[in-house]
Amino acid sequence: MKKKRLLMRSVILILLIGALGYTLYSNFFVSKERVKVGSEAPDFVLKDLEGNKHQLSDYKGKGVFLNFWGTWCEPCEREMPYMDNQYAYYKDQGVEVLAVNIAESNIAVQTFIDKHNLSFPVILDKDKQVLNAYGVGPLPTTFLINPEGRVEAITSGTLTERMIRDYMEQIKP
């Protein structure tokens, strides 16, 4: 009986050590591909609430203001009207806004859009694949993508209307 218990404890200990080793290896030695300033923006296809597909590469030749957000995020809510104001001005100058909602229900997103009367495309990242591909941490996070498809800047936190305008000027074709 004691030998069996010792064997079982040894197996559990070996498994724990293996799991710890793998965790340390994956955290410190495996390259985590994060989008960086100057890198090519990873392409993706997401749908909006009407089921229309939006593929980032379809916007090549335009500047893209790619914003990751959530309805529960107060800083996101504060900057949305500013984004909409600037979108109204810059959309005819070759700048597109893509607001990527992170894993929320269609009803919550539609209610938010209606409340703020948003006119730019809101697309849905239901399984967080795009969020993870871009390495997004806190919300809101915005990627400024130039007409060639390269990331010009990355910013986290609430943006003022002036900041949004300046960023849109920066990526305008």
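Look at (i) 25, 20, 17; (ii) 32, 18, 16; (iii) 41, 19, 14: the one that is semi-axes √(5λ) of the Cα gyration tensor in Å derived from this structure is (iii).
Suppose every Lys and Arg Cβ carries +1 and every Asp and Glu Cβ carries -1, with no other charges. What dipole size does segment 43-145 come out with about its Cα centre, to the nearest 20 debye? The partial results should precede the final answer.
Details: 9 positive and 14 negative charges, 34 e Å.
Rounded to the nearest 20 debye, it is 160 debye.
A probe of 1.4 angstrom, applied to the heavy atoms of all protein chains, finds ASP92 with accessible area near 140 square angstrom. Taking amide H as placed 1.01 Å from N in the peptide plane, VAL100 has its amide H under 5 Å from the amide H of ASN67, PHE68, TRP69, ILE123, each at least 5 places away in sequence or on another chain. Solvent-accessible area of HIS54, all protein chains in place: 30 Å² (probe radius 1.4 Å, heavy atoms, ligands and nucleic acids excluded).
For a quick check of your reading of the filter: which GluC sites (Glu not before Pro) in segment 125-173 sit in a DSSP loop and have no more than 14 other Cβ atoms within 10 Å?
On the way: sites: GLU148, GLU152, GLU161, GLU169; in loops: GLU148.
Answer in residue order: GLU148.
Farthest toward the positive end of the dipole of the chain, out of SER105, ASN117, GLN86, is the Cα of SER105, where the dipole comes from beta carbon charges about the Cα centre. Phi angles of segment 99-116 translate, via the Karplus equation with coefficients 6.51, -1.76, 1.60 and θ = phi - 60°, into HN-Hα couplings of 9, 9, 7, 9, 6, 10, 5, 4, 5, 4, 5, 4, 4, 5, 4, 5, 4, 9 Hz per residue; Gly and Pro are given as x. Taking every DSSP bridge with both residues inside segment 89-157, close to 55 percent are antiparallel. For the listed residue pairs LYS62/LYS128; LYS126/LYS172; LYS47/LYS128, the alpha carbons are over 22 angstrom apart in LYS62/LYS128; LYS126/LYS172.
Kindly identify segment 40-125 as rounded, prolate or oblate by the Cα gyration tensor criterion: order the square roots of the eigenvalues as a ≥ b ≥ c, call it rounded if a/c is under 1.5, otherwise compare a/b with b/c, prolate if a/b is larger, else oblate. The shape class here is oblate. Going by accessible surface with a 1.4 Å probe and the largest first, ASP58, ASP48 read ASP58, ASP48.
The long axis of helix 74-90 is offset from the longest Cα principal axis of the chain by roughly 40 degrees. Helix 2-28 and the long axis of the chain differ in direction by around 30°, with both axes built from C-alpha atoms.
Per residue, the chain exposes 59 Å² of solvent-accessible protein surface, assessed with a 1.4 angstrom probe and all protein chains in place. Each stretch of four or more DSSP H residues adds -39500 (n - 2.57); spread over every residue of the chain, this sum gives -13500 deg cm²/dmol at 222 nm. Near PHE44, the amide H atoms lying under 5 Å from its own belong to LEU56, SER57; only residues 5 or more places off or on other chains count, and H is placed 1.01 Å from N. Between GLN170 and ASN85, the modelled labels are 2.0 nm apart [label points 7 Å from Cα along Cα→Cβ].
The values are calculated or read from the model by the stated rules, or taken from the named source; none is laboratory data. Keep in mind it's a predicted model, so treat the numbers as computed, not measured. Neighbour counts are summed over all protein chains in view; Cβ atoms, including those assigned to glycine, are modelled from backbone coordinates with ideal geometry. Note: areas computed on protein heavy atoms with side chains; ligands, DNA, RNA excluded. Shrake-Rupley method; radii C 1.70, N 1.55, O 1.52, S 1.80 Å.
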